[in-house]
Amino acid sequence: MFAGDESFVTDIEADGSFKFRTDKGEGIPPGNYNVTIGLPRNRSSDFSQYKVYKPEDFPNIPMKYQEEDTSGFTAVVKKGSNEPFNFDMK
């Protein structure tokens, strides 16, 4: 998620859920954010297992959703509790 010069990254779990965590705890500051859905990050700490993912490895994540200028996804994060955000990749 991007807001001005700030960006926040999290991983999507197998069930589609996600939570943001920062050095200040769970959640991100209130604000209006542009949202992208990117390729999975390599979670292996073993660099011999490191894999660089390419867009064609994940055809279910169309390129337009991977770029801030073309995703069309936005989120308004309010102070306190927020309803879950759902982003439908058609």
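What follows is calculated from the coordinates using simple rules that are stated; it is not laboratory data. Fair warning: this is a prediction, and the values are worked out from it, not measured in the lab. Note: ideal-geometry Cβ built from the backbone for every residue, glycine included; neighbour counts use all protein chains shown.
Quick look at the values:
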{"item": "Charge dipole magnitude, Cβ of K and R +1, D and E -1 - segment 48-90, Cα centre, debye nearest 20", "result": "160 debye"}
{"item": "Convex hull volume per residue for segment 2-77, taking Cα atoms only, in Å³", "result": "129 Å³"}
{"item": "Count of lysine pairs in the chain with Cα separation under 16 Å (8 or more residues apart, or interchain)", "result": "5"}
{"item": "Cβ-based exposure ranking for I12, I61, in which fewest neighbours within 10 Å come first", "result": "I12, I61"}
{"item": "Max mean-square fluctuation residue, GNM over the chain, Cα-Cα springs under 10 Å, options T74, T22, T36", "result": "T22"}
{"item": "Chain lengthening between E67 and M89 when straightened (0.36 nm per residue, less Cα-Cα)", "result": "6.6 nm"}
